[in-house]
Amino acid sequence: MVNTINSKKIVFSSLVFILILSLLSITPTALASRVEGLEKKVVGYYTSWSAYSGYTLDKVDVTKLTHINYAFANINEELKVVLGDAYIDSINLQKIGEIKRINPNLKVLVSVGGWSWSDKFSDVALTEESRITFSNSCIEFMREYGFDGIDIDWEFPVSGGLPTNKYRQEDKENFTLLLKSLRETFDTQGKIDGRSYILTIAGGASSMFTDNIELEEIHKYIDFANIMSYDIHGSWDKYTDFNSPLYINSESLNNIKLSIDESMKIWINRGFPKEKIVMGISFYGKQYDNVSPWNNGLYQVYNGISTIGYGDIATKYLNKHGNNRYFHYGSLMPWIYNGTSFITYEDKESIFYKTDYIKSNELGGAMIWELSGDSNGFLLNQLYNGLK
């Protein structure tokens, strides 16, 4: 005769054991994008061409990142995702396993499109057939090369971007349908593969972008959005200004009145969940040349502008004779002026204010464009420590 009391104990113990195992099996997925001591996302874009200058993927300090977005994959004539630079990509992608061994919780996505390769997105999003073709190719691409997700960097729906890009007015609605197709395809395949595939986008900072997409709809299909809250000022302006001011400064003489704060408000006020907003931070600056000395070079006319990585700024200008560092407590941005050149960039102080803003406003985290600009990791350390 079976001892029913003992059998009940055995059954109960077995159920508890199974429950514990199931929880343990869920935990790695749930915490997969977490870095120890870090509640926010830290997403770093790694550009494939960085390897040509010696900054290979294995040189990235992945212990301070939750996600890497590998930039960029292209779209072929069949509207499928393909490698952007087969030679350098084949070298870089071999290192994905290596960096994941260093940080097992790291998620590596491939970013599709970008400024140079967004010309086919309008065709991709146009019909149900084209959307399914693209979505299926994303699955094949991720499985072949070991990616955890796809980042859609369409620059831009409806208008903007390169003049050779194809646009349609219906891009606005079709963008939503494309993301819906991707989400459904990822979820279906994820159930088969026993995993989750991540879907994110890169989004513009201004209303010129948000007016051309359905913010109130797209958040249903994506895990989060990386907001390109930089390049707010540049060669299109008449006067020197900050690359990524946290707040608008009334003293600015330029026609464009935008800041990171205004950008975040645009997204949130249009119905996009703040916890899905990952705020962009630039690891590069802009150097304006032939700038008059008035106001220490700020808001002055110039002749010539170029992009410069933080590493080069630190090596060539910071604490160098004749180069003076200033800080604007309205825009919360530093700059350097040496009598002729005005340099707008990020530093320890501005990163502090930006990470404080992210935490105070309960945003999802920070995104970096792009990692090679800070190859020594100074800004990344500040960002990581600021978000802890």
How many residues are of a type in the set (Gly, Ala, Ser), assigned to a loop (DSSP other than H, G, I, E, B) and over 26 Å from residue 371 (Cα atoms) when one looks only at the range 287-334?
3
Could you check residue 152 against (1) surrounded by fewer than 18 Cβ atoms within 10 Å (Cβ to Cβ); (2) touching a strand residue (DSSP E or B) at 6+ places or on another chain (Cβ under 9 Å); (3) among the β-branched types (Val, Ile, Thr) and say which number it fails?
(1)
Those residues of the range 151-182 which are over 18 Å from residue 75 (Cα atoms) and either under 19 Å from the mean Cα position of the chain (by Cα) or polar (S, T, N, Q) (or both) amount to 159, 169, 176
Quick one: what pairs do we get from the range 269-291, first residue farther than 24 Å from residue 348 by Cα, second aliphatic (A, V, I, L, M) and assigned to a loop (DSSP other than H, G, I, E, B), C-beta under 6 Å, 6+ apart or different chains?
274/363
Has the range 76-92 got any residue that is buried (at least 22 other Cβ atoms within 10 Å of the Cβ), of a type in the set (A, V, I, L, M, F, W, C), out of contact with any His (no Cβ under 8 Å at 6 or more places or on another chain) and more than 30 Å from residue 381 (Cα to Cα)?
yes
Scanning the range 93-104 residue by residue, those closer than 20 Å to residue 223 by Cβ, of a type outside the set (Lys, Arg) and either surrounded by fewer than 16 Cβ atoms within 10 Å (Cβ to Cβ) or free of Cβ contacts under 8 Å to residues at least 40 places away in the same chain (or both) turn out to be 104
Exactly one condition in (1) in contact with a Pro (Cβ under 7 Å, 6 or more places away or on another chain); (2) surrounded by fewer than 18 Cβ atoms within 10 Å (Cβ to Cβ) is false for residue 303; which is it?
(1)
When the residues of the range 347-372 are narrowed to those that are more than 18 Å from the chain's Cα centre (by Cα) and assigned to a helix (DSSP H, G or I), which ends up nearest to residue 231 (Cα to Cα)?
350
Residue 315 meets each of (1) surrounded by 16 or more Cβ atoms within 10 Å (Cβ to Cβ); (2) β-branched (Val, Ile, Thr); (3) out of contact with any Phe, Trp or Tyr (no Cβ under 7 Å at 6 or more places or on another chain) with one exception, condition (1)
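A quick yes/no check of all residues on (1) touching a Lys or Arg at 6+ places or on another chain (Cβ under 7 Å); (2) farther than 22 Å from residue 177 by Cβ; (3) assigned to a strand (DSSP E or B); (4) of a type in the set (Phe, Trp, Tyr):
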position: 72; (1), (2), (3), (4): no, yes, yes, yes
position: 90; (1), (2), (3), (4): no, yes, no, no
position: 96; (1), (2), (3), (4): no, yes, no, no
position: 123; (1), (2), (3), (4): yes, no, no, no
Given (1) of a type in the set (A, V, I, L, M); (2) farther than 25 Å from residue 171 by Cβ; (3) not in a helix (DSSP H, G or I), where does residue 110 come up short, assuming only one miss?
(2)
Going by what's in this entry, would residue 94 be described as within 30 Å of residue 38 (Cα to Cα), more than 20 Å from the chain's Cα centre (by Cα) and polar (S, T, N, Q)?
yes
Give 320, 359 a once-over and let me know the one that is closer than 19 Å to residue 42 by Cβ, at pLDDT 95 or above and not aromatic (Phe, Trp, Tyr).
359
Yes/no for residue 107 being in contact (Cβ under 8 Å) with a residue 40 or more places away in the chain and more than 23 Å from residue 47 (Cα to Cα):
no
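The values are calculated or read from the model by the stated rules, or taken from the named source; none is laboratory data. Keep in mind that what you see is a predicted model, and the values were worked out from it rather than measured. Every residue, glycine as well, gets a Cβ built from its backbone with ideal geometry; the counts of neighbours run over all protein chains shown.
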